[in-house]
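J.: Let me give you the structure first, and then I'll get to my questions.
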Amino acid sequence: MSQFTAKAPARANIIGEHTDYATNQGHVLPTPLPFHTTVSVREMAGTAGRLTILSENYGNQPHERDISDEPRHHWTDYLVGCARVMSRNAKLPALELKIKSDVPIGSGISSSAALCVATVRALNGLTAAHLDDERIALMAHEAEHDYVGVPCGKMDQFVASLGRPGQALLLNTKTMTYRHYPLSMNTAVMLVNCGKKHDLANGSGYKQRVAECTEARRLLGVTTLCELGHKDLGRLSTLPDLIRRRARHVITENLRVLEFVTALEEGDMERQADLIAASHASQRDDFEVSIPEIDALVESSKRYGIRAARLVGGGFGGSIIALVPRDQAVAWWSFIAKENPDSQLISTYALKNSENEYAA
Ligand code: ADP
Ligand code: MG
């Protein structure tokens with residue numbers, strides 16, 4: 001035991017938005033992105049449980065923490081949380097943790113899960129704890145959810161830990177079972193930020209949506225909304241209008257994820273585009289989490305000729321994801337940028353070859 005380095009990727013969710021709340025427990029379909037956070041842990045002389053933490057993304061200055069600390073609402077909490085969770089498996093010595101990352105922070109591609117998964121992985125290696133990737137995902141989630149206090153589902157940690165480049169991870173958030181599906185070699189996954197940060201409304205909007213899903217579940221008398229399918233949609237007519245629309249988004253979005261993997265398997269690009277477009281309309285009209293700047297990006301994409309574009313992430317700001325034929329990716333982005341001068345390209349990737357390497 002002396003030193004260990006590990007990394008984990010950022011992610012984008014291709015389809016399946018707001019389906020993973022505890023009230024809903026549906027499917028999601030994220031994929032890893034070619035941005036990574038690397039964490040190096042090194043055993044130090046000193047009291048067991050002391051942590052010296054440095055991040056190149058935050059000035060590379062050493063921060064002294066202890067595994068027994070309460071959270072301080074500081075970025076080092078993520079590392080303390082991971083170390084604390086890991087200390088249940090192995091007694092941790094004094095440690096130095098060094099972070100570097102090319103993941104854009106707070107851009108909705110989950111720098112936090114990349115950080116936590118890389119940290120748990122590094123501690124797993126250092127302590128030879130032999131945790132498998134699922135366990136690593138669950139521990140990274142526990143650190144972020146229980147210690148840092150972020151009300152997040154487990155999708156981000158699962159895809160950061162188990163995702164494969166160029167493949168989508170179909171995750172059932174009820175059973176936590178998953179399957180990998182190869183993405184098309186000819187598709188570039190484009191992410192464009194609308195230039196408007198998630199504002200305070202994001203937090204309260206999210207809480208409100210959770211409450212609305214809870215109400216829908218109660219009125220429908222079900223355990224989870226995603227246990228309902230196409231044949232149950234008629235039952236929604238008894239609900240008040242707003243609750244009906246919230247439930248309809250969750251149920252249809254879950255069905256769209258399942259249809260999307262069939263379309264992936266069949267190489268049916270038209271169907272994939274229809275489903276992504278329908279996902280956006282449902283988020284905009286039924287779940288009401290879009291904003292005009294995001295709708296404008298989606299409309300621009302349509303004017304260019306790409307229907308497969310939608311709001312990605314929690315909403316009330318943030319980014320769109322679009323699936324664009326790779327030979328049109330550059331032209332698509334210059335068209336979008338011209339019509340939406342405040343937008344920024346976050347990520348563009350396509351596969352280089354069948355060995356799951358990313359193109360530069
Ligand atoms: P997202 O996960 O979408 O990027 P979050 O708000 O969930 O946004 O997580 C961002 C937070 O995670 C940062 O504010 C910081 O506390 C922590 N974080 C992420 N990456 C790093 C890093 N490389 N170094 C230090 N802290 C990081
Ligand atoms: Mg996050």
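J.: Ignoring everything except DSSP H segments at least 4 long, calculate the 222 nm mean residue ellipticity for the chain; use -39,500 (n - 2.57) per segment, divide by total residues, nearest 500.
T.: -12000 deg cm²/dmol
J.: Rounded, prolate or oblate: which fits the stretch 1-80, taking a ≥ b ≥ c as square roots of the Cα gyration tensor eigenvalues, rounded meaning a/c under 1.5, else prolate when a/b beats b/c?
T.: Prolate is the answer for the stretch 1-80, as a/c is 1.5 or above and a/b outweighs b/c.
J.: Starting from the Cα of Lys231, draw a straight line to each of the lysines and keep only those under 22 Å, dropping any in the same chain fewer than 8 residues away.
T.: Qualifying lysines at Cα under 22 Å: Lys174.
J.: Further question: Considering only the other residues whose Cβ falls under 12 Å of the Cβ of Glu259, what net charge follows from Lys and Arg at +1 and Asp and Glu at -1?
T.: So the environment of Glu259 carries a net charge of -3.
J.: Out of the total accessible area of the chain (probe 1.4 Å, heavy atoms of protein only), what percent is carbon and sulfur?
T.: Carbon with sulfur: 51 percent of the solvent-accessible area.
J.: Still on this structure: Counting pairs of alpha carbon atoms under 8 Å apart in space and at least six apart in sequence, what relative contact order in percent does the chain give?
T.: Result for the chain is 21 percent.
J.: For His180, His280, give me the order by solvent-accessible area with a 1.4 Å probe, most accessible first, ignoring ligands, DNA and RNA.
T.: Correct descending sequence by accessible area is His180, His280.
J.: Specify the residue with the greatest mean-square fluctuation among Met176, Met190, Met86, computed from a Gaussian network of the chain linking alpha-carbon atoms under 10 Å apart.
T.: Met176
J.: Excluding Arg50 itself, calculate the net charge of residues whose Cβ lies under 10 Å from the Cβ of Arg50, where each Lys or Arg counts +1 and each Asp or Glu counts -1.
T.: That works out to -2.
J.: Would you mind working out the accessible area per residue for the stretch 3-182, using a 1.4 Å probe, and quoting it in Å²?
T.: Here the residues of the stretch 3-182 average 38 Å² of exposed surface.
J.: Also: Classify the stretch 186-332: rounded, prolate or oblate, from the alpha-carbon gyration tensor (a ≥ b ≥ c, eigenvalue square roots; a/c under 1.5 rounded; otherwise prolate if a/b is larger than b/c)?
T.: oblate
J.: Measuring with a 1.4 Å probe in the full set of protein chains, what accessible area per residue, in whole Å², belongs to the stretch 187-359?
T.: Value for the stretch 187-359: 45 Å² per residue.
J.: Right, something else. Among the listed pairs Lys91/Lys154; Lys154/Lys338; Lys7/Lys91; Lys7/Lys197, which have their C-alpha atoms separated by more than 30 angstrom in this model?
T.: Long pairs (Cα-Cα over 30 Å): Lys154/Lys338.
J.: Of Val28, Val298, Val222, which is the most mobile in a GNM of the chain whose springs link Cα atoms less than 10 angstrom apart?
T.: Ranking Val28, Val298, Val222 by mean-square fluctuation puts Val222 first.
J.: Over the stretch 160-300, what is the mean sequence separation of C-alpha contacts under 8 Å (at least six apart), divided by residue count, expressed as relative contact order in percent?
T.: The normalised contact order for the stretch 160-300 reaches 20 percent.
J.: Related question: Using Cα springs under 10 Å in a Gaussian network model of the chain, which residue among Gly81, Gly234, Gly163 shows the largest mean-square fluctuation?
T.: Gly234
The values are calculated or read from the model by the stated rules, or taken from the named source; none is laboratory data. In this text the structure is predicted, and so the values were computed from the model without any measurement. Reconstructed Cβ throughout: ideal geometry from the backbone, glycine too, with neighbour counts over all protein chains shown. Heads up: the accessible areas ignore ligands, DNA and RNA and are worked out on the full protein's heavy atoms, side chains in. Shrake-Rupley method; radii C 1.70, N 1.55, O 1.52, S 1.80 Å.
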